Amino acid sequence: MLEVFVFATLNGLVTGLLLFMLASGLTLIFSMMGVLNFAHASFYMLGAYFAYSISLKTGFWAGLILAPLLVGVLGAMVERYGLRRVHQSGHVAELVFTFGLAFLIDEAVQFFWGADTKNYRSPEILDFPLFTMFGQEFPAYRGFMIGISVLIFIGLYYVLTRSRVGIIIQAAITHPNTVANLGHNVPLIFMGVFGVGTALAGLAGVIAGPVLTTFPGMALVLGSIVFVIVVIGGLGSLPGALIASLLVGLLQSYAIASDVGMPELLELLGISFDRNHPLNDLWTLSLPQIAPILPYLLLVLVLIFRPAGLLGKREE
């Protein structure tokens, strides 16, 4: 039992921190610009495909550096020549634009790389067990994923709350005219923020590609979960996104690792059904089977009891 709990916790941390890598960019863009980017997961997919192509020529590590930069530059160009033009039409136009952009990127990926799964692998230098516990090995690459995610959180939190750059960025949101009068290029700041946000999504794709496989539908797999995390944590809250990511990762990991069935859960809640009851089919389900819907159930509960999210600010 202890063995299952320990490795479920470790796998939940890996999943949660991977989700945070993806959610951090979306949170950054929304908190700084007020734009909910529906194409964010598509930039994540681009990061994986760019890294795969680069790794074929120069190896994994070059892809780790270059792929997020390429995605970030592409994201900055999208903001400069696309999103900025529709910004004056309001948030609905922005949502429609990013929604269409997601479809465009998905089709472009299949056009250039095909519809098959790519053989994108982790580097050989990290192909060893980081440690062995209860007779099971924990891969070094998963430890590497955890380390990168923690560094991203520390770096973003420091830049946004402790550095001069973060102060300028946050001031540009609330007082753009004042910031412009002080000699700062506000449109360039917004373009940079969007570029960094998409680069973080690309970095998540680079890291996740070898583990979750690189295929055209990978954006759909995590796309909806990321929005769930951002809402649960509180729109625009970086610490909230981290907490929500860990909650979702651990919740799903514990559910998958358990062998508890619905009869045990329903009996624990004091609920029972006659064999002829329409809901009697619930007795045939197990917790691992309902693991994929648990984040959405958590979202519903958070919206009921704390609509602003765990660390979100309530509007007065």
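The lone criterion from (1) farther than 30 Å from ALA308 by Cβ; (2) at pLDDT below 90; (3) within 24 Å of the chain's Cα centre (by Cα); (4) not in a helix (DSSP H, G or I) left unmet by PRO216 is number (2). Evaluating ASP116 against the criteria (1) out of contact with any strand residue (DSSP E or B) (no Cβ under 8 Å at 6 or more places or on another chain); (2) outside any helix (DSSP H, G or I); (3) at pLDDT below 90 leaves one unmet condition, (3). Within the stretch 91-106, residues that are at negative phi reach partners that are of a type outside the set (Gly, Ala, Ser) and part of a helix (DSSP H, G or I) with beta carbons closer than 7 Å, at six or more positions or on different chains, in the pairs ALA93/VAL86; GLU94/LEU83; GLU94/VAL86; GLU94/HIS87; PHE97/LEU83; PHE97/VAL86; LEU101/VAL78; ILE105/LEU46.
The values are calculated or read from the model by the stated rules, or taken from the named source; none is laboratory data. Remember, predicted model here, so these are calculated numbers, not experimental data. Every residue, glycine as well, gets a Cβ built from its backbone with ideal geometry; the counts of neighbours run over all protein chains shown.
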